Amino acid sequence: MSSPLQPVTAEHRAAYARDGVVCLRGMFAPEWVARMRRLADTIMGDPGRHGHLGPSQGEDMTSVCFMSRKDAELRDLILNSPAGEISGRVIGSSTIRLYHDHLFAKPPQSSRIMKWHIDATAWPVTGEMAPNIWIALSPVTAENGRIEFVAGYHRHLVDNNILYGYRDGHWDGACPDFETRRGDPSLRFVTWNLEPGDAVLFHPFTPHFSRGNASIDQPRVALALRLFGDDVCWNPIEGKARIPDVSPENMQPGKSPDGPFFPVLWRDPSAARGAA
Ligand SMILES: O=C(O)CCC(=O)C(=O)O
């Protein structure tokens, strides 16, 4: 496993706790980013051969996940990345497992909008330590479809036990379309332009969104790693995402995910010493 190039700081931890999202700059080595980008370019040529197509897969966006189940090089890169350590240190989890990887790429002139949603809707787990580290593999800008967030809204949802569904009548109703509330002073929209190797780490209840790619020549490419930390337990209720090759009977409610399908990316060495 390689270490982050920059230290995780108290400011990163505080921003994540307060906003449910934090921008992490320059923590992945340029060689790691270049290798991951080369793999991503190959995968974009034939996404179905390299992973499971996501619901948003289409001509105007590559959306493919669980690639590390099929591609040994990609799996190796993820397992040897600093993603686990960065995420564990920011969210305060002593162990980080990989739930799944997801490549999101919008080609130039893509009109694909990712509507406002929260990831917790789909994950078959309980717990707050199921973040997404979304790593830029290309420049990410206002023009080419950078990812945007409503800062702090995760606390409103978690504290009030609200789980937005996919549509009205589904769980606690559809996630609001925050596009209609851009001027609302009670909401804080945050977003960052990113360079390849920068990342945003966000909480599973943080609403997020991205516009289409208006650039004529700049693809927007990102790898999202969905992760499991200490407080995550199975909750495979109806309506949650299925996990390839893992049947709901093997996802005992209340039990923590483990086993080879959910490899450990990082264990806090100081927690291991404390337990010894
Ligand atoms: O890449 C995007 O534009 C959206 C990503 C997303 O929704 C996610 O990572 O959960």
Item to check | Matching residues, segment 101-131, being part of a strand (DSSP E or B) and within 11 Å of the ligand (Cβ to nearest atom) | outcome: 101, 102, 103, 104, 105, 106, 114, 115, 116, 117
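Could we say that residue 199 is surrounded by fewer than 20 Cβ atoms within 10 Å (Cβ to Cβ) and closer than 28 Å to residue 32 by Cα here?
no
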Checklist outcome for this item: Among the residues of segment 200-242, the number that are at pLDDT 95 or above and within 16 Å of the ligand (Cβ to nearest atom) is 27
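Would segment 245-255 turn up any residue that is free of Cβ contacts under 8 Å to residues at least 24 places away in the same chain, basic (Lys, Arg), away from the ligand (no atom under 16 Å from the Cβ) and not in a loop (DSSP other than H, G, I, E, B)? Walk me through it before giving the result.
The first filter runs over segment 245-255 and keeps only residues free of Cβ contacts under 8 Å to residues at least 24 places away in the same chain, leaving 246-247, 249-250, 252-255.
From the residues that got through so far, the ones that are basic (Lys, Arg) too are 255.
With away from the ligand (no atom under 16 Å from the Cβ) added as a condition, the list becomes 255.
This time we only want the ones that are not in a loop (DSSP other than H, G, I, E, B), so: none.
Taking every residue of segment 245-255 in turn, none turns out to be free of Cβ contacts under 8 Å to residues at least 24 places away in the same chain, basic (Lys, Arg), away from the ligand (no atom under 16 Å from the Cβ) and not in a loop (DSSP other than H, G, I, E, B).
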Item to check | Out of 90, 33, 22, sole residue that is away from the ligand (no atom under 11 Å from the Cβ) and assigned to a strand (DSSP E or B) | outcome: 22
Checklist outcome for this item: Those residues of segment 132-151 that are within 17 Å of the chain's Cα centre (by Cα), surrounded by fewer than 23 Cβ atoms within 10 Å (Cβ to Cβ) and either more than 10 Å from the ligand (Cβ to nearest atom) or modelled with pLDDT under 95 (or both) come to a total of 2
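Evaluate the following for residue 78: is it in a helix (DSSP H, G or I), over 23 Å from residue 191 (Cα atoms) and touching a strand residue (DSSP E or B) at 6+ places or on another chain (Cβ under 7 Å)?
So residue 78 passes the test.
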Checklist entry - Here is a list of conditions, (1) within 16 Å of the ligand (Cβ to nearest atom); (2) modelled with pLDDT of 95 or more; (3) surrounded by fewer than 17 Cβ atoms within 10 Å (Cβ to Cβ); (4) not small (Gly, Ala, Ser), and residue 175 meets all of them except one; can you say which number that is? => result (3)
Checklist outcome for this item: Result of the Cβ filter at 6 Å on segment 127-142, keeping first residues that are closer than 13 Å to residue 20 by Cα and partners that are within 10 Å of the ligand (Cβ to nearest atom) and at pLDDT 95 or above, at least 6 apart or interchain, is 130/204; 132/119; 132/202; 132/224; 132/226; 133/225
Checklist outcome for this item: Exactly one of 88, 92 is of a type outside the set (S, T, N, Q), touching a residue at least 60 places away in the same chain (Cβ under 8 Å) and under 17 Å from residue 258 (Cα atoms), and that residue is 88
Next on the checklist: Every residue in segment 1-19 that is assigned to a loop (DSSP other than H, G, I, E, B) and out of contact with any strand residue (DSSP E or B) (no Cβ under 7 Å at 6 or more places or on another chain), please.
Outcome noted: 2, 3, 4, 5, 6, 7, 8, 9
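The values are calculated or read from the model by the stated rules, or taken from the named source; none is laboratory data. This one's a predicted model, so the numbers in the text were calculated from it and none came from an experiment. No Cβ is skipped: glycine too gets one built from the backbone with ideal geometry, and neighbour counts run over all protein chains shown.
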